[in-house]
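Novice: Here it is, the structure in full.
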Amino acid sequence: MAESFVPATGHLSALDLLRIEHSDAVTHVRLNRPAKRNALNDPLVAQLQSAFTGLPESTRAVVLSGEGDHFSAGLDLSELTERNVSEAVLHSRSWHAAFEHIQFGRVPVVAVLHGAVVGGGLELAVAAHIRVAEQSAFYGLPEGQRGIFVGGGGSARIPRLIGAARMADMMLTGRVYDAEEGLRIGLSQYVVDAGQGFDKALELARKIAANAPLSNFAVLHALPRIADMGQAEGLFLESLMAAIASGDDAAKGRIQAFLQGRAAKVSKS
Ligand code: 1HE
């Protein structure tokens, strides 16, 4: 499947720590610092922000992966130089800004996880909407051992997936979860064999890209906010979002197609 991808041109091709390619409506964004296990330094975080804010109009879904044997070793520890408190806050906020554009961007993001998905690498992975893990994936938060704390949004996003108690265990004891355990506790939605992650993610991204844009928008922008709301406010926002989506021509056309026997039925396969 991968051979139909062509390299990005223009400003995306200038992002030298990423490798970005397009295939129809799917864009593949690959972390490209394998010699450093895709450790996230400031330029790489900035390039991720540029990539996700500068996706072409034709992109309807993104696959995010890492070159080499690991998804990402997290924060580039060689950059952990002396920062005063305000500089350190702003550094953390620069990660928040970049990852915000992934979680609350224009298109859904499917991450392919393999090898180390640790520290800031896990924080990056959980900003994506769907995670496909290969059997080699392992998840850790070594911040506890390194004497630091998460700073890339992990304390807000990870407990929403696995609960604060599991995250506390990972940080306090250095507990590492493997791919199957990660699936069980909710860190990934899929586990596949070694080398199959990209194809699975691409299959999912192509399905996502075929959805009505407003449905994808609602899943990205309304669903997580409703999940964070009280029930009364959440139900009202749900009703508004449902009315907006169902009033769109894309919804009307799709529902007519089903009623006229032209659309797929729901099936298990
Ligand atoms: C790095 C980093 C890094 C590798 N920063 N340079 N993250 C961590 O604490 C994880 C630290 N890394 C590791 O545990 C291991 O490197 C791995 C399990 C990811 C991979 O092991 P391995 O044997 O394949 O590679 P390696 O030999 O350890 O590393 C290869 C090179 O990458 C080596 O550099 P070289 O110049 O000696 O070849 C390593 O120094 C370099 N490298 N990981 C810098 N993380 C917003 S706050 C987020 C806070 C955090 O993310 S804390 C968690 C940091």
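The values are calculated or read from the model by the stated rules, or taken from the named source; none is laboratory data. Predicted model, so just to flag it, every value in this text is computed and none were measured. Counting neighbours? That spans all protein chains shown, and the Cβs are built from the backbone with ideal geometry, glycine included. Accessible surface areas use protein heavy atoms only, side chains included; no ligands, DNA or RNA. Shrake-Rupley method; radii C 1.70, N 1.55, O 1.52, S 1.80 Å.
Novice: Out of VAL110, VAL85, VAL89, which single residue is open to solvent by less than 40 Å² (accessible area, probe 1.4 Å) and either of a type in the set (Val, Ile, Thr) or touching a Pro at 6+ places or on another chain (Cβ under 7 Å) (or both)?
Specialist: Only one candidate qualifies: VAL110.
Novice: ALA179 is checked against (1) out of contact with any Gly (no Cβ under 6 Å at 6 or more places or on another chain); (2) aliphatic (A, V, I, L, M); (3) within 24 Å of LEU223 (Cβ to Cβ) and fails just one. What number does that condition carry?
Specialist: All conditions are met except number (3).
Novice: Follow-up. Does the stretch 250-269 hold any residues that are among the basic types (Lys, Arg) and closer than 16 Å to SER215 by Cβ, and which are they? Lay out the reasoning, then the answer.
Specialist: Keep residues of the stretch 250-269 that are among the basic types (Lys, Arg), which gives 252, 254, 262, 265, 268.
Matches in the stretch 250-269: LYS252, ARG254.
Novice: Sticking with this structure for a sec: Among the residues of the stretch 212-269, count how many are under 30 Å from ALA156 (Cα atoms), open to solvent by less than 80 Å² (accessible area, probe 1.4 Å) and in a loop (DSSP other than H, G, I, E, B).
Specialist: Residues meeting the conditions: 3.
Novice: Say we look at the stretch 119-134 and pick out the residues that are aliphatic (A, V, I, L, M), within 15 Å of the ligand (Cβ to nearest atom) and in a loop (DSSP other than H, G, I, E, B); which of these is farthest from HIS96 (Cα to Cα)?
Specialist: Initially, the stretch 119-134 is screened for residues aliphatic (A, V, I, L, M), giving 122, 124-128, 130, 132-133.
Now drop any that are not within 15 Å of the ligand (Cβ to nearest atom), which leaves 122, 124-127.
From the residues that got through so far, the ones that are in a loop (DSSP other than H, G, I, E, B) too are 126-127.
On the way: VAL126: 12, ALA127: 10 Å.
So, considering only residues that are aliphatic (A, V, I, L, M), within 15 Å of the ligand (Cβ to nearest atom) and in a loop (DSSP other than H, G, I, E, B), the one farthest from HIS96 (Cα to Cα) is VAL126.
Novice: Filter the stretch 139-159 for residues that are surrounded by 14 or more Cβ atoms within 10 Å (Cβ to Cβ), more than 7 Å from the ligand (Cβ to nearest atom) and touching a residue at least 24 places away in the same chain (Cβ under 8 Å) and give the result.
Specialist: Listed by number, the residues that qualify are TYR139, GLY140, LEU141, GLY144, GLY153, GLY154, ARG157, ILE158.
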